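Have a look at the structure below, then the notes.
The values are calculated or read from the model by the stated rules, or taken from the named source; none is laboratory data. As the structure is a prediction and not an experimental result, all values here were calculated from the model. When we count neighbours, we look across all protein chains shown, and the Cβ atoms used for this are built from the backbone with ideal geometry, even at glycine. Quick note on the areas: whole protein, heavy atoms, side chains included, nothing else; ligands and nucleic acids left out. Shrake-Rupley method; radii C 1.70, N 1.55, O 1.52, S 1.80 Å.
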Amino acid sequence: MIFDAHTHPPRLSEPAVDSDGRDYAPMLARMDACGIDRALLLGAVGISQTPTAEQIRLVNDHTLAGLRAWPDRFSGLCYLNPALDRAFVHEEMDRCIGSGRMVGVKLWVAVNARDPRHDVILRRCAELDCMLLYHAWHKTVQRTPHESDPTDIAVLARRHPDVRMVMAHMMGGGVRGVSDVAACPNVWIDISGSAPTAGVLEYALATIGAQRIVYGSDWPVRDFATQLGKLDGAGIHGPDRDAITWGNLRTLMGSRRPC
Amino acid sequence: MLIDINTHAGRWPFLQSGPTEPAALEDELRAAGITRAMVSAIESVLAPHPSIEEQRLHPRLSDFFSHAPLISPMLFDWRDRLRQARDEFGATTIRLLPSYHRYEADGDEAAALVEAAAELNLHVAVLVRIEDERAHYPLMAVPAPTEAALLKLADRLAPRPLILLNAYRWELPAFADRPHVCFDLPYLESEHPFASITAIVPPSRLLFASHAPLMYPIAQRRKLDHGELSDADRAAVAAGNAIRLGLVSG
């Protein structure tokens, strides 16, 4: 089985309003063509790097539509902006996660991971026993103002050791990024995004082990088949591959994992 | 048949990368189903005299490889190196790297070199980049040549082909109406790679490549295999276009 831990809807920046889920059909067709059984939807986050409450609701409503229409193909994360009002954040987490409809939280670039405004979200993640997936990248150029790098994720992870979190974009963080979070047992790393750059995955296998790596593609920014090819390129087969392609994500999802 | 037009021998110092020695690189490429590969010395990117590294590489190459040496027009002996490429290395193609070798793609030096290459019946490929700029070593942020500069170079070469290696998908539209400009695959990726690429340029202008050992060749193979191209288009991208252009023999 292949459960892609990092996907977005076909129109990354334009969540369909009042969707019945049928706009996910091109994504499902591509999943079928590439052998992807299930996908974790992270939402049309491209709507804004610093989303308002209204934009957050739009994104999450669209994700919920996908989950309703295709419950056997999708799970979903609740997109949040830690800069928003604490009451709204709590309300949205309860609406999406507390209700049992989503399995965790997605955070992007609105606020840096070190910012204490994350604490209300992560405390609630611990209470709800849900996972967190956080964008991170070591960038020389094109870094957005508050974008987190793996050292920021390490700081957050140590502040909340009881929250299971995925640091996204292994190749974006590079070997340095793997090293940054190696000593944080509550941090997994997804292999999504970036070109199929050789060497980092091998380093991660040797440093943190297959049990803390998850397959993700960052579709539609990237291609399912090419991103899966990273596992082939690193020579990952058998139990390690099963762990990476579905087993570890189920661990992350905890009691919220699909049957 | 699967021809890889973009591989490198040697170690790129800023990445862990795959196999660095030609023999091991060949093994990895063959394991991915690749039957022939064009190669240059990765050390020639940063070496004070790039052609010396190409000269060191050549005796270590098996017949699996077609040597496509990196040549800089900033070298005093670049004309000799062009002749060496054709006569000693048996090259059909030379590679240019304006960004790291510090000349303008639309400048006089590049113009003189491509003109001389044409006289020697050598094709020209430009490495637009070695790495994603976001991953550049902080003290070595090397911007890629501008689209305008590459367009000017392309127009100088026309109608002879210009191969752009490691272009991004969003760089393709600028060259859509230059039918002699072709692209390789390593940095062309999206939700449905070939559907989005062939909306801009036809399959006849696409060339399979891996950018090994910096990238996994098998991942690029997967991109091609799941690209939902027709059999004819797949065969063209896989090898036919490279043969038709004369980059390698069939």
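Going by the structure shown, is A:R101 within 20 Å of A:H6 (Cα to Cα) and touching a residue at least 12 places away in the same chain (Cβ under 8 Å)? So A:R101 passes the test.
Those residues that are of a type in the set (A, V, I, L, M), more than 10 Å from every other protein chain (Cβ to nearest Cβ) and out of contact with any strand residue (DSSP E or B) (no Cβ under 7 Å at 6 or more places or on another chain), I need them from segment A:209-233; list them, please.
Within segment A:209-233, A:A210 is the sole residue that qualifies.
When segment A:176-197 is filtered for residues that are open to solvent by 30 Å² or more (accessible area, probe 1.4 Å) and within 11 Å of chain B (Cβ to nearest Cβ), only A:R176 remains. Of the strands (runs of 3 or more DSSP E) lying entirely inside segment B:96-190, those containing at least 1 residues that are farther than 14 Å from B:I71 by Cβ and open to solvent by less than 40 Å² (accessible area, probe 1.4 Å) span B:162-165, B:181-184. Within segment A:235-246, being open to solvent by 20 Å² or more (accessible area, probe 1.4 Å) and not charged (D, E, K, R) holds for A:G235, A:H237, A:G238, A:P239, A:W246. Quick one: how many residues across segment B:3-43 are closer than 18 Å to B:A135 by Cβ and either among the hydroxyl-bearing types (S, T, Y) or more than 14 Å from chain A (Cβ to nearest Cβ) (or both)? Count: 1. Can you tell me which residues in segment B:212-250 are assigned to a loop (DSSP other than H, G, I, E, B) and more than 7 Å from chain A (Cβ to nearest Cβ)? Scanning segment B:212-250 gives B:G227, B:L229, B:S230, B:L245, B:G246, B:L247, B:V248, B:S249, B:G250.
I'd like the residue in segment B:14-41 that is without any contact (Cβ under 8 Å) to a residue 60 or more places away in the chain and closer than 21 Å to B:V142 by Cβ and, out of all such residues, is most open to solvent (accessible area, probe 1.4 Å). Of everything passing the filter in segment B:14-41, B:Q16 is most open to solvent (accessible area, probe 1.4 Å).
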